[in-house]
Amino acid sequence: MKLARIMRRLATAALALTAAAFVVAYVRSSNDCETRLAAAPRDPMRAVLACDYGTPDVIRVARVEKPVPGDGELLVRVRAASVNPLDWHSVRGTPMVMRLSSGLRKPHDPRVGVDFAGVVDAVGPGVTGYRPGDEVFGARTGAFADYILATPARIARKPAAVTFEQAAAVPVAAITALQGLRDKGGLKQGEKVLINGASGGVGTYAVQIARHLGAEVTGVCSTRNVELVRSLGAHHVIDYTREDFTTGSARYDVLLDNVGNRSLSESRRVLTEQGRYVLVGAGGPNDHRWLGPLGRIAVMWVSAPLVSQTMAMFIARLSPDDLALLAGLMEAGAVTSVIDRRFPLEQAADAVRYVESGRARGKVIVTVD
Ligand SMILES: NC(=O)c1ccc[n+]([C@@H]2O[C@H](COP(=O)([O-])OP(=O)(O)OC[C@H]3O[C@@H](n4cnc5c(N)ncnc54)[C@H](OP(=O)(O)O)[C@@H]3O)[C@@H](O)[C@H]2O)c1
């Protein structure tokens, strides 16, 4: 009895301490926005910032100090950037669980944008392999700006025949498609792959990369995008407004799921006995606001020993080798960037808002002149 009472008190104290720590962390969570915006920059540049979490209305274009490359860094003059759902996730701070690392009350890092292409302006000490004037593309937070500090581990050379806009579209979306199909899905020549969400940023690259890997490709999209997906090389296209891909008789070796709108059992139904389900996306701003795909991941783990197929969530990892591989595929004409709309830097909020609508066909570009 006495032991039970002590345990209860200890548990209550632990809970109260955790709650107090959470409140303190919440109140103290901050960023350097005020300092950044108050200072008059000596060498100014434009940068897109979101100082608070919220809808794309919180996005603003500010004049901040142009950065100077430190050890191992390059300063890149951005010529074009591209928008990913990642950008609206960061601006909104959703799913909420993400705020445990990005900042509970405010984003630690207010800079917006990740994908960019541009020209090396200066190199810091210790950088080898690049020099001013080189044309590069890559990914790093703060891409919606006149200049960005990059590292060699997150960039590759842009082929001369590929425009800055085409290259800026590539990093997050195409690497996700490539790694999802090749590494996580283990897609092999002659296998059948279904790409759910074939007309968006990831999907348009996935269709082309799956074709390049020698697979038989089926894309799922709405009526207005059927021709686009077919023109990218899909052998079959399922219009989701007319046909439910989970009830058809076809069976696939890999399902690359950029939408996450069907249950796991429905998705497994269309896989072969040893098929692989690769979860890439988890819906729009009003879906799974607290935990994102964590619930789905938990179900995958629990059911893994009971089913013959493999199921996995996957987070792309930026690799300079994969960027270079994609550059080669673009140069050879095997992969092209589908560009839907372009917005000038000053309208970056509209660009993010448009991608957030979930209706983008291919990629949305932020031009930086
Ligand atoms: N795991 C990772 O590492 C990783 C990396 C990048 C992206 N992602 C996630 O992957 C998802 C896709 O990214 P994205 O860049 O391709 O997004 P996106 O460009 O915003 O996707 C828009 C496309 O989704 C299509 N779509 C919407 N509802 C659909 C449905 N029910 N069935 C089929 N297609 C549908 C739309 O076509 P219609 O207008 O024709 O419906 C539109 O073309 C996002 O959730 C993103 O957060 C994950």
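Odds and ends about this structure:
- In segment 273-307, the qualifying residues are those that are surrounded by fewer than 19 Cβ atoms within 10 Å (Cβ to Cβ) and of a type in the set (F, W, Y), and the one that is farthest from G200 (Cα to Cα) is W301.
- Of the candidates V368, V299, V280, the single residue that is closer than 24 Å to L178 by Cα and not acidic (D, E) is V280.
- Top-ranked residue of segment 71-108 - restricted to ones that are β-branched (V, I, T) and under 14 Å from the mean Cα position of the chain (by Cα), ranked as surrounded by the most Cβ atoms within 10 Å (Cβ to Cβ): V83
- Looking only at residues in segment 359-369 that are closer than 20 Å to A139 by Cα and surrounded by fewer than 20 Cβ atoms within 10 Å (Cβ to Cβ), the one that is nearest to the ligand (Cβ to nearest atom) is T367.
- Put simply, of V123, V172 the only residue that is more than 20 Å from A351 (Cα to Cα), of a type in the set (V, I, T), touching a residue at least 12 places away in the same chain (Cβ under 8 Å) and in contact with a strand residue (DSSP E or B) (Cβ under 6 Å, 6 or more places away or on another chain) is V123.
- Just one of (1) over 18 Å from the mean Cα position of the chain (by Cα); (2) away from the ligand (no atom under 11 Å from the Cβ) fails for E165. It is (1).
- Which listed residue, of V352, V368, is in contact with a strand residue (DSSP E or B) (Cβ under 7 Å, 6 or more places away or on another chain), within 29 Å of T223 (Cβ to Cβ) and touching a residue at least 12 places away in the same chain (Cβ under 8 Å): V352
- Wholly within segment 108-176, strands (runs of 3 or more DSSP E) carrying at least 1 residues that are in the same structural domain as V64 (by TED's automatic domain parsing) and hydroxyl-bearing (S, T, Y): 147-150
- Taking segment 195-224 as the range and being out of contact with any helix residue (DSSP H, G or I) (no Cβ under 9 Å at 6 or more places or on another chain) and either near the ligand (Cβ under 9 Å from one of its atoms) or of a type outside the set (G, A, S) (or both) as the test, the residues that pass are R211, T218, S222, T223, R224.
- Yes/no for E356 being more than 18 Å from the chain's Cα centre (by Cα) and either among the charged types (D, E, K, R) or within 14 Å of the ligand (Cβ to nearest atom) (or both): no
- Among the residues of segment 68-101, those identified as away from the ligand (no atom under 15 Å from the Cβ) and either more than 30 Å from T128 (Cβ to Cβ) or part of a helix (DSSP H, G or I) (or both) are M96, R99, L100, S101.
The values are calculated or read from the model by the stated rules, or taken from the named source; none is laboratory data. Owing to the predicted nature of the structure, the values given are computational and were not obtained by experimental measurement. In this analysis, Cβ positions are derived from the backbone assuming ideal geometry, glycine residues included, and neighbour counts consider all displayed protein chains.
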